[in-house]
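Chemist: Structure provided below as structure tokens; questions to follow.
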Amino acid sequence: MQYFHQLTHNKLAKVSVVITAAVFALAACQSSIETTAHSAVQALAKAPQQIFQHDKLNGQKVIQLNQDTWVANSENFGLMLINQQGKMVQNYAGNFESLDIRQLDNKTWFVSSVDKEAGQFLLFKVVLAANAQTHKITLLNTIKPEASVIDNQCLAYQNGQLSSFWLTAQQQVEQRIVYLNQPNAQPSNVLVRSFSAPPGASACVVDDVKQQVYVAEESAGVWAYPTNPEKELSRTPIALVAPFGQIDGEIKDISLLIDGSLLVALPEAEQIQHYQTDNSSHLAQVYSVAGFTIESIDAQQTADNKWLANFYDDESGAYYSIELPLMVADKSIAKQGASQLTADMQTAPVARFGDAADDPEVWLNPNNGADSLILTTDKRYGLNVYNLAGELVETIASGRINNIDISYGAEFNGDKFDFATASNRTYNSITMYKISHTGVISELANLPTSLPDVYGLCQYQSPITGDYFVFINDESGIYHQYQLDFSTNQVTGKLVREFKVASQPEGCVADAQTQTLYLGEEDWGIWTIGAEPDAGTRLAPFYQVDGDVLVDDVEGLSLYLPNKSAAKNRSEKYLVASSQGDDSYVVFDLAKNASRGHVVAKFNIVADVQKGIDGASETDGLAVIAAPLGDLYPLGALVVQDGRNIMPVQPQNFKLVDWRKISGLIIKQ
């Protein structure tokens with residue numbers, strides 16, 4: 001089943017050409033891309049040593065599994081296991097090319113290849129035994145493309161999901177989930193996405209830590225793309241051909257080292273080049289392997305900390321290894337990044353494509369938590385209301401409402417009810433909704449504001465006076481605090497305070513227990529200020545954008561705050577923030593420190609293939625509720641807006657995550 005959308009070939013082909021031309025032009029006039037980093041060609045002290053040779057081998061790639069065993073492929077001998085004595089000890093017959101691995105433990109590997117004659121992707125499990133004669137090669141999955149031809153492939157492994165990137169003859173990159181290595185492990189064939197490959201794409205390799213796939217364009221260079229389908233598709237040059245870089249001739253293969261750097265095989269130049277991937281100069285070293293046409297490349301560290309590069313020489317028809325004096329970190333220096341969770345439910349999409357869905361809030365049904373509702377804003381329409389199964393149960397065409405919040409227990413004209421307020425950009429107003437005890441929602445009022453273009457909003461009920469307040473801001477950074485008055489025959493709002501941040505804000509949330517307002521300034525971070533109307537105008541910094549934990553834009557903010565009946569002696573209080581710049585969510589422990597950010601968790605929401613729910617990215621608003629929502633969510637839940645709804649591609653929607661998953665990530669300190 002194809003869950004993800006296939007991007008249009010023509011559109012991305014045009015983008016590919018434009019990017020290539022732009023990068024080449026930039027490289028010609030800007031020295032930061034390799035032109036200042038030319039390295040002298042270094043001759044190697046030792047000659048290559050033969051690993052394996054056989055008549056009519058027609059080999060392609062060899063990878064060392066451990067100190068005693070290599071795996072290789074061949075047009076005539078299929079998939080082979082080779083020992084230190086240069087003997088083929090096991091093989092799986094076929095006409096194979098392309099090879100990649102992912103290690104599971106010290107004796108087990110996933111191994112992937114392509115059957116040229118059948119035109120199929122093949123996935124194997126290789127298990128090494130003490131006796132080489134009992135090594136096992138087991139076929140796990142076979143996938144035959146319906147409308148493409150695989151030229152090469154490489155593996156990626158995240159959270160028990162094994163994916164393969166296929167470089168096709170149709171100049172596409174197909175990203176597929178090919179195996180679920182989870183409880184009840186099983187083969188899979190899910191097309192995640194497809195995008196235009198650079199012309200003449202010859203090889204690829206994936207860095208699972210940095211979540212990058214590197215694609216070699218045979219006559220142009222090496223490019224980096226994000227592996228996460230929730231990320232915006234983009235590419236970055238890592239290595240370029242002369243005169244824009246130091247590559248001469250065709251690129252045949254690339255290989256990843258443990259620190260995230262790359263080796264590049266150049267058969268025409270008889271060279272192996274070493275590139276860093278995380279700085280502007282990139283090129284680290286050039287090694288000459290004179291007399292050998294290097295058709296493939298892989299490298300492994302030996303027990304005595306030397307580096308051996310393994311390659312296939314097309315001229316002699318043999319596999320070789322050669323010692324390289326590589327400067328490689330002893331372990332990965334890449335940031336480990338956020339934890340990863342999957343969503344438990346997703347709502348129906350909004351009715352319109354584009355940037356429409358924005359902010360959710362959960363209304364707790366006082367009679368039955370399982371019947372609670374999710375109120376959400378559609379910036380192109382109005383209010384959408386969903387049940388906890390994600391079904392749309394009510395809509396109100398209120399205009400371009402942006403942010404929403406809920407308060408409980410208001411009294412008006414002799415009636416007691418809950419209510420929501422939303423920032424309405426159509427009328428520059430505060431739109432109010434009445435929520436009955438059974439969950440029936442109706443529009444109650446539109447309160448005018450004096451702001452030129454309202455934007456973010458949140459509510460607060462004072463524990464001192466019992467009064468209800470609305471905080472609303474505009475894009476210039478101004479906040480207005482309105483006091484709501486239910487005492488007459490018409491609900492009104494009175495401006496009681498004004499303060500501001502230096503640049504565009506949006507999300508905010510108020511903690512009634514401490515009378516504190518937490519507010520986000522998108523490019524700066526999170527601030528605090530007193531929530532009472534007489535608390536002044538001075539802001540205090542809570543947590544600043546650092547590009548690592550909190551990445552701008554800072555968007556939605558919400559509190560996880562169990563009430564006394566739900567807390568059961570738990571002293572938890574957390575602030576959850578949308579770190580939109582890296583599609584993650586950051587949890588701060590307010591019980592530990594309510595005035596300065598104490599980070600206890602950071603996570604992404606990723607796809608659950610078995611449930612058919614994609615991840616969440618580019619999140620604007622979010623909402624947390626700490627009360628039980630029936631048996632499914634006994635500790636509450638997190639609801640987030642998903643800016644890219646891609647399983648399949650549909651208008652935006654909202655994802656719900658069981659709070660128990662998040663609780664499991666939180667560091668108890």
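The values are calculated or read from the model by the stated rules, or taken from the named source; none is laboratory data. The shown structure was predicted, so the numbers you read here are calculated from the model rather than taken from an experiment. Glycine also receives a Cβ, built like all others from the backbone with ideal geometry; neighbour counts cover every protein chain displayed.
Chemist: Pro349: in contact (Cβ under 8 Å) with a residue 40 or more places away in the chain and in a loop (DSSP other than H, G, I, E, B), yes or no? Don't jump to the end; show me each part of the working.
Modeler: On the way: in contact (Cβ under 8 Å) with a residue 40 or more places away in the chain: yes; in a loop (DSSP other than H, G, I, E, B): yes.
Judged against the criteria, Pro349 is a match.
Chemist: Does Val657 satisfy the criteria of being aliphatic (A, V, I, L, M), under 16 Å from Ile526 (Cβ atoms) and assigned by TED's automatic domain parsing to the domain that holds Ala510? Spell out how you get there, then give the answer.
Modeler: Numbers: aliphatic (A, V, I, L, M): yes; under 16 Å from Ile526 (Cβ atoms): no; assigned by TED's automatic domain parsing to the domain that holds Ala510: yes.
Considered against the rule, which asks whether it is aliphatic (A, V, I, L, M), under 16 Å from Ile526 (Cβ atoms) and assigned by TED's automatic domain parsing to the domain that holds Ala510, Val657 comes out as no.
Chemist: Return yes or no: is Leu635 in a strand (DSSP E or B) and either more than 19 Å from Trp363 (Cβ to Cβ) or not aromatic (Phe, Trp, Tyr) (or both)?
Modeler: Working: in a strand (DSSP E or B): no; either more than 19 Å from Trp363 (Cβ to Cβ) or not aromatic (Phe, Trp, Tyr) (or both): yes.
Taking the combined requirement at face value, the residue does not satisfy it.
Chemist: Quick check, is Asn184 on the phi > 0 side of the Ramachandran plot and either touching a residue at least 24 places away in the same chain (Cβ under 8 Å) or not in a strand (DSSP E or B) (or both)? Spell out the reasoning first.
Modeler: Working: on the phi > 0 side of the Ramachandran plot: yes; either touching a residue at least 24 places away in the same chain (Cβ under 8 Å) or not in a strand (DSSP E or B) (or both): yes.
In short, yes.
Chemist: Applying the selection to the stretch 195-211, what residues are over 22 Å from Glu230 (Cβ atoms), not aliphatic (A, V, I, L, M) and not in a loop (DSSP other than H, G, I, E, B)?
Modeler: Step one: of the stretch 195-211, the residues over 22 Å from Glu230 (Cβ atoms) are 198-203.
Adding the requirement that they be not aliphatic (A, V, I, L, M) leaves 198-200, 202.
Matches in the stretch 195-211: Ser202 only.
Chemist: Just to be sure I understand the filter: pairs with C-beta atoms under 7 Å, separated by 6 or more residues or on different chains, first member in the stretch 357-382 and assigned by TED's automatic domain parsing to the domain that holds Cys508 and under 15 Å from Ser558 (Cα atoms), second member in a strand (DSSP E or B) and charged (D, E, K, R). Which pairs pass?
Modeler: From the stretch 357-382, the pairs are Glu361/Asp405; Trp363/Asp418; Leu375/Glu361; Thr376/Asp359.
Chemist: So which of Ala577, Ala623, Ala616, Ala607 is in contact with a Pro (Cβ under 8 Å, 6 or more places away or on another chain), surrounded by 21 or more Cβ atoms within 10 Å (Cβ to Cβ) and within 26 Å of Ala420 (Cα to Cα)?
Modeler: Answer to the check: Ala623.
Chemist: On to the next question. Restricting to the stretch 424-437, and then to whatever is assigned to a strand (DSSP E or B), in contact with an Asp or Glu (Cβ under 9 Å, 6 or more places away or on another chain) and hydroxyl-bearing (Ser, Thr, Tyr), can you tell me which residue is farthest from Asn367 (Cα to Cα)?
Modeler: It comes out as Thr431.
Chemist: Taking the residues in the stretch 529-544 that are closer than 11 Å to Gly597 by Cα and surrounded by fewer than 21 Cβ atoms within 10 Å (Cβ to Cβ) as candidates, determine which candidate is nearest to the chain's Cα centre (by Cα). Let's see the steps before the verdict.
Modeler: Within the stretch 529-544, the first condition is being closer than 11 Å to Gly597 by Cα, and the residues that meet it are 541-544.
Among the residues that remain, those that are also surrounded by fewer than 21 Cβ atoms within 10 Å (Cβ to Cβ) are: 541, 544.
On the way: Pro541: 28, Gln544: 22 Å.
Checked the stretch 529-544; the qualifying residue nearest to the chain's Cα centre (by Cα) is Gln544.
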